[in-house]
Structures are given as C-alpha cells and as structure tokens.
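Let me begin by presenting the structure, written as structure tokens, before commenting on it.
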Amino acid sequence: MDNTQLYPLKFEPIYQYRIWGGRRLNNLLDKPLPPHDPIGEAWILSDRDDHPSKVTNGKLKGKTITELFALSPEKMMGKHSAKFKRFPLLLKFLDCQQVLSVQVHPSDGLKKYIPKGENGKTEAWVVLETGRDAKIYAGLKPGTTKQSLKAALDKNEVADDLASFKPKVGDSVLIEAGTVHTLGDVVVFEVQENSDVTYRLYDWDRIDEKTGKPRDLQVPEALACIDFDKVDIGPVIPVVKSNEPVLRELVIENEHFCLWRLTGEYPFMVGKDKTPRVLVCIDGEGEVEYNSELYHLAKGEVMLLPATTGACPFVPIGEVILLELALPEM
C-alpha cells in the first residue's frame, strides 16, 4: 500500500547551456546561474530521464518527480494516472538573447520522425520580457511551398519566408507541431508536450564557440515535418472567464494542455479535485493553503498540486500574476 503523503510540491530549476542564451534568467530565478556560460533554458518542471526535477520543500525534499510518479501515480495524477507513464508536460523559462535556430517539431502522428520513447511536440509561449530587437517568427508566409523553401535554404534566405511580429510583454503564442518557428531577444515561459524532438532547418550560419563548429542541421527531417498550412501565426487573444475575485483568462486550450492566467490581489482558488495542476508565478508572490499549512510561491517558482490536494485557496501578498496549467478534461 502506498502511504506517501503528498502536498503542494516545489522544484529546483535545471539550467541548460545554449549558444543563443544569456544571463537574464538571473532576474527571474533565485538560484544563481552557472558562471560565464550563456544560459538559454531553465527547466522548471521536467520528468525527463536525463533531467528529472527535484523537490525542494517538505518531507519529500530531494525526491525526483520521476520517483514520485512511480511511487504514487494515482495520487499524483488522479483520473489521468492510467493514461500517462510520466508527467506529460515539460515547463521552461527561456532567455533567447540571440535568435534560436529555425526549427520544427513533429506531430504525434509522424511516428517515422519520433524516436522511441518520445512523442510529438506542441508548445506555447508567454512573453515575460522583451529587448530592443525582440522578434517572434511563427509559421510560414502564405504561399510558401516546399520547393520555394528549399530554394530559400540554398540562398540562406529562409527568414524571407517566415511570418513574424514584434512581441510585447504578456503576449501568448501557440506553436502547434509542424509549425516552423523561432524567436529572439525575449524571455518567455514555455509549456510543451514532454518531448525533446527538434529538427533544425537553419541556424543563421553561426559557430558554437564551445566546439568551433556549426551546429548540426536536420533539413530533410525538418522539411518532412512541416505543415505548410500553418502560416502567419500571431499572438493568441485570451478569453476572460471571470473578473472577481481575480482576473481569470483562458490563454491556451488544446488537446495537450490548458493554460490560464490569473491576476489579482485578493484570495482565489487554484487546483481541482482528482487532477493535477501546476502553478507558475511570473510576478509577485503569495501562499497556497493546504491542510492548514501555507506553501509560499514567489516570482519564478513553480508548484505542482498533485491530484490528491484538490482545490486550494491562494492568498496573494500584494498583486500577483500566476499561470495555472492543467491537462485536458477526460
């Protein structure tokens, strides 16, 4: 019998070197960045074999999410426990100091291009900070074909075929699998399917200083995974669900995840019975109340509410902006 007592769980961020990264995650997270290297990603909730997130609070401190999932799948996942063998979402903060490679992720149906144990990758971004040269490329320009894109690749003119816009703080963008995309000079929160399958189409002819070589491209695979109907992608228009006691906006809803943004200074409810929820604080701070105990959540921190915690009050300390993530209803 599993006697594990779960509670609102916080996790340590996992920093990742990236050629295009910077140092701006210092402004968002308390954990110091590794010295010198450009840090492009902080994995804030990861159930990956190579980088599992570790609990930082309470009696389960030091346990990984992978261990908890194996020990208490029903308590962690509730009604979703039979469907998933690991936590199905991967959450990150990205510091895109330079523009990323032009890339595409396969859809779940393209089994030929998905390694064993992986799946496709739909993702979404919420813009947290922008620089002077901030730009998001999302989708192709209308009328782009495989032939015209190949010709642009041959001439190093891929950017001419990409739809783009200048983002502002608060913008949200849905990047469905098959969408050609990249972004630069922004800090964003990212939620995605728990997958690490990326095919690079173009990398701006740059050299990785650590290796002295260009990074590998996967042009044939990328071309095979592109959905040429995904064109001219812009920011999502959030849907306001309520104004009291908190502004509750539905930002993204698809078959992989749902994302709400909650803004306010008065207590409100988070979580839901028999299903896990994830909270990400992107501004301010507050406390989750569970079993007569308070669990503090500050800017840049993530908290997993296991299915057994159900709905809980959240008490802001001043104004707070939370992202709340859920799996689609079954």
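The values are calculated or read from the model by the stated rules, or taken from the named source; none is laboratory data. All values reported here derive from a predicted model rather than from experimental measurement. Please note: Cβ atoms are built from the backbone with ideal geometry, for glycine as well, and neighbour counts cover all protein chains shown.
Computed values, structure above
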| item | result |
| --- | --- |
| Any hit, the stretch 269-283, residues being of a type in the set (Ser, Thr, Tyr) and either surrounded by 21 or more Cβ atoms within 10 Å (Cβ to Cβ) or over 25 Å from GLN5 (Cα atoms) (or both) | no |
| Of all residues making up the stretch 240-268, the number that are surrounded by fewer than 19 Cβ atoms within 10 Å (Cβ to Cβ) and either touching a Cys at 6+ places or on another chain (Cβ under 8 Å) or basic (Lys, Arg) (or both) | 2 |
| Strands (runs of 3 or more DSSP E) wholly inside the stretch 176-274 that include at least 3 residues being under 21 Å from SER164 (Cβ atoms) and in contact with a Pro (Cβ under 9 Å, 6 or more places away or on another chain) | 181-193 |
| Residue satisfying condition, being charged (D, E, K, R) and modelled with pLDDT of 95 or more, within set LYS111, LYS116, LYS121, LYS85 | LYS121 |
| ASN194 vs. criteria within 29 Å of PRO328 (Cα to Cα) and either surrounded by fewer than 21 Cβ atoms within 10 Å (Cβ to Cβ) or without any contact (Cβ under 8 Å) to a residue 40 or more places away in the chain (or both) | yes |
| So LEU33, is it touching a helix residue (DSSP H, G or I) at 6+ places or on another chain (Cβ under 6 Å), farther than 18 Å from LEU128 by Cα and among the hydrophobic types (A, V, I, L, M, F, W, C) | yes |
| Residues satisfying the stated conditions in the stretch 236-263, i.e. without any contact (Cβ under 8 Å) to a residue 24 or more places away in the chain and either touching a helix residue (DSSP H, G or I) at 6+ places or on another chain (Cβ under 8 Å) or among the basic types (Lys, Arg) (or both) | LYS241, ARG248 |
| In the stretch 33-51, the residues that are touching a strand residue (DSSP E or B) at 6+ places or on another chain (Cβ under 9 Å) and either within 20 Å of ARG277 (Cβ to Cβ) or acidic (Asp, Glu) (or both) | ASP37, GLU41, TRP43, ILE44, LEU45, SER46, ASP47 |
| Filter result for LEU33 (in contact (Cβ under 8 Å) with a residue 40 or more places away in the chain and either surrounded by fewer than 17 Cβ atoms within 10 Å (Cβ to Cβ) or not β-branched (Val, Ile, Thr) (or both)) | no |
| Filter result (in a loop (DSSP other than H, G, I, E, B) and in contact with a strand residue (DSSP E or B) (Cβ under 6 Å, 6 or more places away or on another chain)) within the stretch 63-79 | LYS63 |
| Selected residue [touching a Phe, Trp or Tyr at 6+ places or on another chain (Cβ under 7 Å) and of a type in the set (Asp, Glu)] from ASP95, ASP47, ASP30 | ASP47 |
| Strands (runs of 3 or more DSSP E) lying entirely in the stretch 81-149 (those with 3 or more residues that are surrounded by fewer than 20 Cβ atoms within 10 Å (Cβ to Cβ), in contact with a Leu (Cβ under 7 Å, 6 or more places away or on another chain) and free of Cβ contacts under 8 Å to residues at least 24 places away in the same chain) | none |
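To keep it simple, each residue is scored yes or no on (1) surrounded by fewer than 21 Cβ atoms within 10 Å (Cβ to Cβ); (2) among the small types (Gly, Ala, Ser); (3) under 17 Å from the mean Cα position of the chain (by Cα); (4) at pLDDT below 95.
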position: ASP161; (1), (2), (3), (4): yes, no, no, no
position: LEU174; (1), (2), (3), (4): yes, no, yes, no
position: ALA177; (1), (2), (3), (4): no, yes, yes, no
position: VAL188; (1), (2), (3), (4): no, no, yes, no
position: LEU201; (1), (2), (3), (4): no, no, no, no
position: ILE207; (1), (2), (3), (4): yes, no, no, yes
position: GLY212; (1), (2), (3), (4): yes, yes, no, yes
position: GLU221; (1), (2), (3), (4): yes, no, no, no
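Yes/no matrix, rows are residues, columns are (1) aromatic (Phe, Trp, Tyr); (2) over 23 Å from the mean Cα position of the chain (by Cα); (3) over 16 Å from LEU89 (Cα atoms):
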site: TRP260; (1), (2), (3): yes, no, no
site: THR263; (1), (2), (3): no, no, yes
site: PHE268; (1), (2), (3): yes, yes, yes
site: LYS272; (1), (2), (3): no, no, yes
site: THR275; (1), (2), (3): no, no, no
site: VAL280; (1), (2), (3): no, no, no
site: ASP283; (1), (2), (3): no, no, yes
site: GLU287; (1), (2), (3): no, no, yes
site: HIS296; (1), (2), (3): no, no, yes
